[in-house]
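K.L.:
Here it is: the structure, laid out below.
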């Protein structure tokens, strides 16, 4: 009989001997020998545990779990514990953490036991590589078996492994968990951690021979990360093609998820919240932390809900994609931010089909950002904090409750901004749909900016394109666009038509363009209809004398 069969037989015998219970919740051993075994405390290493059991027989279940855990640990040692014997009774590479002594009831600490299971899984399948230096572990499964496990220290994955699945269970930080730690950490000793305000290095993932990537194809599925308001949920550093599917991040003290460096972390069908709430929570003012912080490139969030956090999503890298994200993490009025995009260089960030619910979007120094088919609700705003604004698109969005778009100037330059085909609904207090913050410096360089074809109800329409008709009998007609145009003194192009009601046709011309007012004059009094079309969209390389 092999070691695996011996261990199986012993565990079955132990379970049968220990399973008989009293009606009052205690348990009785199956025979006299087992009773004598209990009295001799053959498997009790802690005198206090034994005395506690003797004084409180109704808590015998706790003693049973502790005893079973020690039985498992001792007999693995006796059988020369190996990944094959401890991983799966069938011989498959499924590493059940309970077989390593983890307590699925959450009473005992399971950090060491789960770490042993992780190390055993990462020792599999030598000889086949994914990226250079990444051992292909063949799809090994680290199975949490539906348990709830208390964790007193982070579970750190050894570097150099890939093709691993972690599934089906809850990992919960215990009171002694470090505040700067994460429930699971994918971080190599060779990795250089980023400062909290630092941006991802766009060239790191493309370095020769993939230097600096220590993990690949690690998947987390149906896992609950519970930080107990102490630490974070998941830390991923210098990893390629990481997948987080159908997971739940709750009670984090810092971040639900932090990704630094690496490439292509995909998060799908996942819920993230510091507090368990479905909105309207009286504790909302106190929500803190970050739901998902991506200091990395080429990542994607798809069908993700951030239901409580100081900031829902923070993007600190390039070419990130957000689709179908619902943020109601913390209202803008309470200081919350739904999506905070910190954009160095050419960011190429895209935000599509998302719903900003009582919160908003902040774009800092945006370059190549696309926001489409998004929805924003209640007193919130989309803030575009500008330093070299390049290729920002806000289209097909719904803003409810005086929600608007704020353009904040840092260097006074803005280029490639498109805000079109949006719907705005407000409280009939004439809040502009687009506002400017020029408290640092005014916008002096504005090109390729189109704000047009938006519709409003209860708010003030603002645009970079305007058309007005003025009529009357006289020699001077003024078309004032100051309440419509976004930028003051920035008319770039204009056209006008002059329709005379009568047979007299005078000489006429535009005589002044100032402060977004266009003046047309004639050399003799006539009854005329003057229509003026203007825009503030100066094309790249084009110059205009109109101001």
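The values are calculated or read from the model by the stated rules, or taken from the named source; none is laboratory data. Here the structure is a predicted model, which means the values were calculated and not measured. All Cβ positions, glycine included, derive from the backbone under ideal geometry; neighbour counts span all protein chains shown.
Rundown of residues vs (1) surrounded by fewer than 12 Cβ atoms within 10 Å (Cβ to Cβ); (2) closer than 30 Å to residue 413 by Cβ; (3) modelled with pLDDT of 90 or more, yes/no style:
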site	(1), (2), (3)
502	yes, no, no
506	no, no, yes
509	yes, no, yes
515	no, yes, yes
522	no, no, yes
527	no, no, yes
536	no, yes, yes
544	no, yes, no
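K.L.:
When the stretch 274-307 is examined, which residues are found to be touching a helix residue (DSSP H, G or I) at 6+ places or on another chain (Cβ under 7 Å) and crowded, with 24+ Cβ neighbours inside 10 Å?
P.N.:
Within the stretch 274-307, none qualify.
K.L.:
Within the group 342, 311, 330, which residue is within 20 Å of residue 254 (Cα to Cα), touching a strand residue (DSSP E or B) at 6+ places or on another chain (Cβ under 9 Å), buried (at least 24 other Cβ atoms within 10 Å of the Cβ) and at pLDDT below 95?
P.N.:
On the way: 342 fails: buried (at least 24 other Cβ atoms within 10 Å of the Cβ); 311 fails: at pLDDT below 95.
That would be 330, the only listed residue that is within 20 Å of residue 254 (Cα to Cα), touching a strand residue (DSSP E or B) at 6+ places or on another chain (Cβ under 9 Å), buried (at least 24 other Cβ atoms within 10 Å of the Cβ) and at pLDDT below 95.
K.L.:
Let me ask something additional. Can we say residue 119 is more than 19 Å from residue 295 (Cβ to Cβ) and surrounded by fewer than 21 Cβ atoms within 10 Å (Cβ to Cβ)?
P.N.:
Details: more than 19 Å from residue 295 (Cβ to Cβ): yes; surrounded by fewer than 21 Cβ atoms within 10 Å (Cβ to Cβ): yes.
Considered against the rule, which asks whether it is more than 19 Å from residue 295 (Cβ to Cβ) and surrounded by fewer than 21 Cβ atoms within 10 Å (Cβ to Cβ), residue 119 comes out as yes.
K.L.:
Examine the stretch 392-399 for a residue that is at pLDDT 70 or above, crowded, with 18+ Cβ neighbours inside 10 Å and outside the structural domain of residue 298 (by TED's automatic domain parsing), and state whether such a residue exists.
P.N.:
Checked against the condition, which is being at pLDDT 70 or above, crowded, with 18+ Cβ neighbours inside 10 Å and outside the structural domain of residue 298 (by TED's automatic domain parsing), the stretch 392-399 yields at least one hit.
K.L.:
Can you tell me which residues in the stretch 115-136 are without any contact (Cβ under 8 Å) to a residue 40 or more places away in the chain and in contact with a strand residue (DSSP E or B) (Cβ under 7 Å, 6 or more places away or on another chain)? Before you say what the answer is, go through the steps one by one.
P.N.:
From the stretch 115-136, those without any contact (Cβ under 8 Å) to a residue 40 or more places away in the chain are 116-117, 119-120, 125-129, 135-136; that's our starting set.
Across the stretch 115-136, the qualifying residues are 117, 120, 125, 126, 128, 129, 135, 136.
K.L.:
Still on this structure: Select from the stretch 192-210 the residues that are surrounded by 13 or more Cβ atoms within 10 Å (Cβ to Cβ) and at pLDDT below 80 and list them in ascending order. It would help to see each step written out before you state the result.
P.N.:
Here is the first cut: in the stretch 192-210, the ones surrounded by 13 or more Cβ atoms within 10 Å (Cβ to Cβ) are 193-194, 196, 198-202, 204-205, 210.
Selection gives 196, 198, 199, 200, 201, 202, 204, 205, 210.
K.L.:
Specify the residue that is nearest to residue 213 (Cα to Cα); the eligible residues are those in the stretch 91-114 that are part of a loop (DSSP other than H, G, I, E, B) and touching a residue at least 60 places away in the same chain (Cβ under 8 Å). Please lay out each step first, then the result.
P.N.:
Taking the stretch 91-114 first, the residues part of a loop (DSSP other than H, G, I, E, B) are 91-93, 101-108, 110.
Now narrow it down to the ones that are touching a residue at least 60 places away in the same chain (Cβ under 8 Å): 91, 104, 106.
Values: 91: 31, 104: 33, 106: 34 Å.
In this case the residue turns out to be 91.
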